[in-house]
Amino acid sequence: MYGAELCVYGAELNVYEVNGTEPCVFEMYGVSRVYGAEPCMQSVRSAAACVGVAMCGHYTFPHMTASEFSDNQSDHNADNLKQEKEYEEAMYVFVTVLAALVLTLLRKRFRSRRLCLDPKRLDGKTVLITGGASGIGKETAIALARRGARVHITSHDDQKGEAALRHIKRESASMNVRFWNLNLADLQSIRNFCKEFLKNESRLDILINNDGVPAVLAWTDDGFSMCFGVNHLGPFLLTNLLLERLKSCPPSRIVNITSNIHKYQKLDFADLNYNIVPLFTYCRSKLANVYFTQEIARQMERHGVTACAVHPGYVAGDWTSQFSFLFRIVMYVITSVFFISCQAASQTVIYCAISDDILHHNGGFFSDCKPCKLRPFVKDAGIAKKLWEASEAMVGLTSSAREHLSTRRR
Ligand SMILES: NC(=O)c1ccc[n+]([C@@H]2O[C@H](COP(=O)([O-])OP(=O)(O)OC[C@H]3O[C@@H](n4cnc5c(N)ncnc54)[C@H](OP(=O)(O)O)[C@@H]3O)[C@@H](O)[C@H]2O)c1
């Protein structure tokens, strides 16, 4: 008996020949083993050569009888059949899971297309949007400026901020837009900005804490983890320093941009600056946004200031710009299929900034222009208060500092 191993890549090899007592009829894909009498193997070799298929091995079994060969062949066939069946089943499972995942993501993508249809105008109102020089913040700024609001945007990059300012003015056809330099990773920059803002602006009706860094492992100059510092402590200090001005313009509101992924982590009060797994540190900073929203809503209840937290949706925005080229290409493909545009993501932010519906959901969490449920551990008022006190200590916020700033308004 003779055997041959054929590497049949992308080709189909059919040998239809009956030679002596051994019939040869083979259809092969991938790497296949064939056995037969030497004349039969010759046919296989010539057929392989004809279609350009490589022979990877050639074996002889001189002591094998015809019945031994036949047993061997049927064992071999049974093993092959079993393997093929297992492979087929694994493929079915894989394809089903993949299809389910794709369908779920597509369903989410097309369902999250709610628009803010509230026609309300904002003439005479002043809006401050942190990080309004790109992404969701910039789209929100355009929409609110179109509605007649005086819009302030911030960026820690002057060039980017000035370019965004020109873009917002052009798109909204409003000259009532102003850019400020603000670095939310720097507590002193926040204090300086608030001083200047309060000195120059007599109103603040809507504060949108939109700024945010993605899942990065870095530290601020003040010694906080970048995510917790920029995404939570910065907006916490800023909001507190502007609170008196918000209170003086009732009904005013605070819109904090968080993310739905806040629910996948819990805060560790022994290490609020947790900075180990990038995604977890981001989740925790976004969870802090939700607790902060609930606590400030509770404190401001009787002062005409409403607060809400917003999940804008997953966006194909500028946030990948600080990652490697390869990562950006991969994310571009994923985000262009499954994620929504910044304009679509700004809809819930705009809705929360203008709609009177949110007055009935003070401290609530919104997504797709509607209130959404929070997990029980996220609604824990004790944790929200504890985080507030810890944050006050971390940013060095005292009630006297707040009072001092509030007296400087015009
Ligand atoms: N993109 C998403 O899929 C997604 C999903 C859920 C939630 N969110 C949240 O939505 C918000 C906006 O995200 P986006 O997608 O529009 O991202 P983006 O385009 O990167 O905008 C983020 C903004 O944050 C500002 N920022 C970053 N570091 C800052 C710092 N140190 N000081 C001051 N500002 C700083 C940036 O301003 P400058 O660089 O100009 O200073 C930028 O304008 C963020 O809070 C984000 O966490 C986004």
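The values are calculated or read from the model by the stated rules, or taken from the named source; none is laboratory data. Here the structure is a predicted model, which is why all the values come from computation and not from measurement. Glycine also receives a Cβ, built like all others from the backbone with ideal geometry; neighbour counts cover every protein chain displayed.
Quick one: in segment 125-138, which of the residues that are near the ligand (Cβ under 8 Å from one of its atoms) and of a type in the set (A, V, I, L, M, F, W, C) is surrounded by the most Cβ atoms within 10 Å (Cβ to Cβ)? Steps first, answer last, please.
Applying the first criterion (near the ligand (Cβ under 8 Å from one of its atoms)) to segment 125-138 yields 130-138.
With the extra rule that they be of a type in the set (A, V, I, L, M, F, W, C), the set shrinks to 133, 136.
Values: Ala133: 27, Ile136: 30.
Going through the qualifying residues, I end up with Ile136.
Consider segment 358-379. How many of its residues are free of Cβ contacts under 8 Å to residues at least 40 places away in the same chain and in contact with a helix residue (DSSP H, G or I) (Cβ under 8 Å, 6 or more places away or on another chain)? Can you show your working first?
Taking segment 358-379 and keeping what is free of Cβ contacts under 8 Å to residues at least 40 places away in the same chain, we get 360, 371, 373, 376.
Adding the requirement that they be in contact with a helix residue (DSSP H, G or I) (Cβ under 8 Å, 6 or more places away or on another chain) leaves 371.
Qualifying residue count, segment 358-379: 1.
Take the residues in segment 323-366 that are small (Gly, Ala, Ser) and assigned to a helix (DSSP H, G or I), then tell me which one is nearest to Ile261 (Cα to Cα). Show your work before the answer.
The first filter runs over segment 323-366 and keeps only residues small (Gly, Ala, Ser), leaving 324, 336, 341, 344-346, 353, 355, 363-364.
Going one step further and asking which of them are assigned to a helix (DSSP H, G or I), we end up with 336, 344-346, 353.
Values: Ser336: 20, Ala344: 19, Ala345: 15, Ser346: 18, Ala353: 22 Å.
Only one residue tops the list, namely Ala345.
Working carefully through the options Leu272, Leu279, Leu287, Leu267, find the one that is crowded, with 16+ Cβ neighbours inside 10 Å and either in a helix (DSSP H, G or I) or among the polar types (S, T, N, Q) (or both). Reasoning before the result, please.
On the way: Leu272 fails: either in a helix (DSSP H, G or I) or among the polar types (S, T, N, Q) (or both); Leu279 fails: crowded, with 16+ Cβ neighbours inside 10 Å; Leu267 fails: either in a helix (DSSP H, G or I) or among the polar types (S, T, N, Q) (or both).
Exactly one of Leu272, Leu279, Leu287, Leu267 is crowded, with 16+ Cβ neighbours inside 10 Å and either in a helix (DSSP H, G or I) or among the polar types (S, T, N, Q) (or both), namely Leu287.
Having 1 or more residues that are within 26 Å of the chain's Cα centre (by Cα), within 10 Å of the ligand (Cβ to nearest atom) and in contact (Cβ under 8 Å) with a residue 12 or more places away in the chain is the bar; report the strands (runs of 3 or more DSSP E) wholly within segment 139-238 that clear it. Full working, then the answer.
On the way: elements: 150-155, 177-181, 206-209.
The qualifying strands (runs of 3 or more DSSP E) are 150-155, 206-209.
Is there a residue in segment 300-320 that is farther than 16 Å from Val255 by Cβ, more than 10 Å from the ligand (Cβ to nearest atom) and at pLDDT below 95?
Within segment 300-320 (the criterion being farther than 16 Å from Val255 by Cβ, more than 10 Å from the ligand (Cβ to nearest atom) and at pLDDT below 95), the answer is yes, since at least one residue qualifies.
Report the residue count in segment 355-371 for those that are surrounded by 15 or more Cβ atoms within 10 Å (Cβ to Cβ) and more than 14 Å from Gln294 (Cβ to Cβ).
First, the residues of segment 355-371 that are surrounded by 15 or more Cβ atoms within 10 Å (Cβ to Cβ): 355, 357-358, 361-369, 371.
Adding the requirement that they be more than 14 Å from Gln294 (Cβ to Cβ) leaves 355, 357, 367-369.
The number of residues fulfilling the criteria is 5.
Read through the list (1) more than 16 Å from the ligand (Cβ to nearest atom); (2) outside any helix (DSSP H, G or I), then give the number of the only condition that Ala297 fails.
(2)
Of all the residues that make up segment 289-316, how many are touching a residue at least 40 places away in the same chain (Cβ under 8 Å) and farther than 30 Å from Trp388 by Cα?
0
In segment 306-322, what residues are surrounded by 21 or more Cβ atoms within 10 Å (Cβ to Cβ) and either hydroxyl-bearing (Ser, Thr, Tyr) or in a strand (DSSP E or B) (or both)?
Filtering segment 306-322 down to residues surrounded by 21 or more Cβ atoms within 10 Å (Cβ to Cβ) leaves 306-313, 317.
Across segment 306-322, the qualifying residues are Thr306, Ala307, Cys308, Ala309, Val310, His311.
Somewhere in segment 247-254, is a residue assigned to a loop (DSSP other than H, G, I, E, B), at pLDDT 95 or above and closer than 17 Å to Glu392 by Cβ? Spell out how you get there, then give the answer.
Step one: list which residues in segment 247-254 are assigned to a loop (DSSP other than H, G, I, E, B), which gives 248-251.
Checking the rest, the ones that are also at pLDDT 95 or above come to 248-251.
Okay, now just the ones that are also closer than 17 Å to Glu392 by Cβ, so none.
The answer is no, given that none of the residues of segment 247-254 is assigned to a loop (DSSP other than H, G, I, E, B), at pLDDT 95 or above and closer than 17 Å to Glu392 by Cβ.
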